[in-house]
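Data first, discussion second: the structure below is written as structure tokens.
Bear in mind these aren't lab numbers, they're just calculated from the coordinates by the rules spelled out. What you are looking at is a predicted structure, and each value in this text was computed from that prediction instead of being measured. All Cβ positions, glycine included, derive from the backbone under ideal geometry; neighbour counts span all protein chains shown.
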Amino acid sequence: MTVTFSTGPTGLGTSSLQARRQPGEQPVRPIPGLYWHPVKEPEPAVVAEIDRRTARWAVEEVNLVPPEWADEFEAFGTGRSVCLTYPEAAGLDHLEAAARLLVAENAVDDCYCEDHGGSPHGLGARLLMAHSSLERPYAVTPYEQQWQEKLDSEPPCRAYRAAMEFFNQHTSDQIRDREIHDLARLHLGYLAEAAWSIDGVVPEIPEYLMVRQYNSFRPCLTIVDAIDGYAFPADLHDHPKVQQVIALASLATTLVNDLYSYTKELRSPRPHVNLPTVVQTHDDLPPDEAYAKAITIHNDVMHRFEAEAAACAAELPSPLTARYLKGIADWVDGNHWWHATNTRRYTLPGFLPAE
């Protein structure tokens, strides 16, 4: 297996750090008509500290981001992202654990899947290698050592492994295994989208919505208990009602990304599939009407998420269930606000009503 690592800027968000406005685009802000809830801004000092720690780790410890790209890396807003999405975090170390995982997940996406070093061709082999960095691979000497040396040579794999090792220091074996499982779901979603690209097809809306529950923010959502400093019991976490809530939250948060990154993806060198383009293709609508329908679909998912969360709390009445569900809802809300205020990364289409 041969993996090519891009010689250009890679890592978290470097595929489009600057949202360069094109004619007809609008500054990023809450999308008109989108259903969302306001959140409290995090403490600037905490955000700055998490950014400092994360940059030091990514640049100096795992050599994921060379020093000449440190300013662009910082501009992504990792610290603000995790502070917004984990407002009840147990402390700085827990927020740093979330930030490291976020950076590593995005590095794998950028370097192996997306425009900076990535490709749909051969993606399965690259993701197999990346996933094996999350768990120690076992074989026999010398093959186990050879594989480990291969992992060590790949910056995204080094970041994945180091992020998981740091996360392990702040959580239980049960939550670690849960996170690895959800990262496997993420990788499965990457492969589905790669297949669409290779086959040159635009999936129908039901298929797209299903895959977006896999290629989603679920690995970030599912660990809200760990980052908040407690462990949601496995028998509760694995309950079908809880799993339904997590799946709906994962879908809602990812559709938010579809909507805010729409113009950015239109400018990408390689075509991207997102909910508005899927709707436009299969419902034969003009771009503005397809985008409006995508907003409606997101809102319907959000309403169902909230209804199912309320039903889950009623069926599984316990303080831990209520706490976990609130953490999921907080992540959903913080994720929206990060997208809606990330002026360095996003712009909105010009056909939306003016602010």
### Task
Among Y143, Y208, Y260, determine the one that fluctuates most according to a GNM of the chain built with springs between C-alpha atoms less than 10 Å apart.
Y143
### Query
If you keep only loop residues by DSSP, which chymotrypsin sites (Phe, Trp or Tyr not before Pro) in region 266-355 have at most 14 other Cβ atoms within 10 Å of their Cβ?
F351
### Query
Peptides 28-35, 84-91: what's the order by average Cβ count within 10 Å, highest mean first?
84-91, 28-35
### Query
Arranged from highest to lowest average of other beta-carbon atoms within 10 Å per residue, in what order do the peptides 274-283, 166-175, 96-105 appear?
96-105, 274-283, 166-175
### Query
Using the Kyte-Doolittle scale, which helices in the chain average at least 0.0 and also have C-alpha atoms spread 27 Å or more along the helix axis, with helices defined as whole DSSP H runs?
240-260
### Query
To the nearest µm²/s, what D does Stokes-Einstein give for the chain at 25 °C and 0.890 mPa s, using the Kirkwood radius over alpha carbon pairs as Rh?
118
### Summary
In the structure shown, of K241/K293; K40/K264; K40/K241; K150/K264, the pairs separated by more than 30 angstrom at the C-alpha atoms are K150/K264
### Query
Given the options N63, N215, N342, which has the most mean-square fluctuation in a GNM of the chain, springs set between C-alpha atoms less than 10 angstrom apart?
N63
### Summary
Sorted by chain and then number, the residues having a modelled amide H within less than 5 Å of the amide H of Q26, at least 5 places away or on another chain, are L348, G350
### Task
With r as the distance between the Cβ atoms of K326 and D300 and R0 = 25 Å, compute the FRET efficiency 1/(1 + (r/R0)^6) and round to 0.05.
0.65
### Query
Any idea how far the Cα center of region 49-108 sits from the one of region 157-207, in Å?
18
### Query
Where in region 188-269 are there GluC sites (Glu not before Pro) that are in a DSSP coil and have at most 14 other Cβ atoms within 10 angstrom of their Cβ?
E204
### Query
Running Debye on region 43-170 with equal point scatterers at the Cα sites and no solvent, what base-10 log of I(q)/I(0) appears at q = 0.11, 0.13, 0.14, 0.22 Å⁻¹?
-0.40, -0.56, -0.64, -1.28
### Query
When the chain is modelled as a GNM with alpha-carbon springs shorter than 10 Å, which of P269, P155, P137 fluctuates the most?
P269
#### Entry: For region 202-355, projected area of the alpha-carbon convex hull averaged over all directions, nm²
10.0
